[in-house]
Amino acid sequence: MLVFIVPVKSSQLASDWALFSNLFERTLKSICNQKNQDFRVVVACHELPEITYENDKVEFLSVDFDRPKLVEDDWHKNRQLKEADKANKILFGYKKAQSYNPDYVMVVDADDCISNRITEFVSKQDKTAPGWYISRGYYYKEGTNYLLLNRKTFNNLCGSCIIIRTDLFEQLLTRDPWLYYYHELKELADGNSLKPLPFAGALYSMINGENHFMTAEHSVKLVNEPKVLKANFISTLFKRLMKYRIWLITKSFKKEFNFYNI
């Protein structure tokens, strides 16, 4: 069995709770769209998002710790607080996930979508395999009609990217300098290595107003940096974009990811 863990931020941290709830509902529908139904979904949150979708495979957990208290005009500190809150919810969800005795677990961010092939793929693998990371995935800016396919390094930016054997999961959590879910990790501390998933497995919803890191406000700040920093940023961005391929949103893609416009 595979258990998906979905950390949900508090309504007090949302820019638009109704929008976030719509994004989360799409995520939940995408997860539950799996071809192989041998899975469960554990959602860890302070408050339940405002959704109408229901599925017997989904369990909502109310966390027992306080919401993060953000600092005014300190983006970096607030990012640490948000990431720690997210990691705490992931850990909280993981402890519950163990009651299902799963072979593997996967964290899915509350605004992303995933392929409906994941559970089927995992069910066919040797249960001693450490797990897989999603190297190929899609970036999507809400409201557009195309995607960017990252063919090699999707896991470096998006948290919805690791499928890992249950007993190895806590190696993805680091506490230095703050509690963080280390989704960039591929080589584990015990010598195990995660392998790349052999297909594009997830969609990262970018600049939707509810991302922890890639917010519209932060993107504007990057663009408005001094000329030297701006030049470096644009150069780096261009080099990164050269690794991507433009991908149209087709009917088959929508079916696989249970994707629709918000």
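The values are calculated or read from the model by the stated rules, or taken from the named source; none is laboratory data. It should be emphasised that the depicted structure is a prediction, and the values quoted were computed from it without experimental measurement. Here the Cβ is made from the backbone with ideal geometry for all residues, glycine too, and neighbour counts use every protein chain on show. Remember, those area values only see protein heavy atoms, side chains included, never the ligands or the DNA or RNA. Shrake-Rupley method; radii C 1.70, N 1.55, O 1.52, S 1.80 Å.
When you scan the stretch 50-58, do you find a residue that is free of Cβ contacts under 8 Å to residues at least 12 places away in the same chain and within 23 Å of Ser99 (Cβ to Cβ), even just one? Yes: one or more hits.
I'd like to check something: does the stretch 124-137 contain any residue that is under 22 Å from Ile51 (Cα atoms) and not hydroxyl-bearing (Ser, Thr, Tyr)? Checked against the condition, which is being under 22 Å from Ile51 (Cα atoms) and not hydroxyl-bearing (Ser, Thr, Tyr), the stretch 124-137 yields no hits at all. Cβ-Cβ contacts under 7 Å between residues 6 or more apart (or on different chains), taken from a first residue in the stretch 120-131 that is in contact (Cβ under 8 Å) with a residue 60 or more places away in the chain to a second residue that is surrounded by 15 or more Cβ atoms within 10 Å (Cβ to Cβ) and assigned to a helix (DSSP H, G or I), are listed as Pro130/Leu168; Gly131/Leu168.
Number of residues in the stretch 85-120 that are over 19 Å from Lys29 (Cα atoms), part of a helix (DSSP H, G or I) and either hydroxyl-bearing (Ser, Thr, Tyr) or modelled with pLDDT under 95 (or both) equals 3.
Selection within the stretch 79-110: residues that are in contact with a strand residue (DSSP E or B) (Cβ under 8 Å, 6 or more places away or on another chain) and of a type in the set (Gly, Ala, Ser). The member of this set that is surrounded by the fewest Cβ atoms within 10 Å (Cβ to Cβ) is Ala84. With a requirement of 1 or more residues that are closer than 18 Å to Phe24 by Cα and open to solvent by 40 Å² or more (accessible area, probe 1.4 Å), the strands (runs of 3 or more DSSP E) lying completely within the stretch 121-215 that satisfy it span 137-141.
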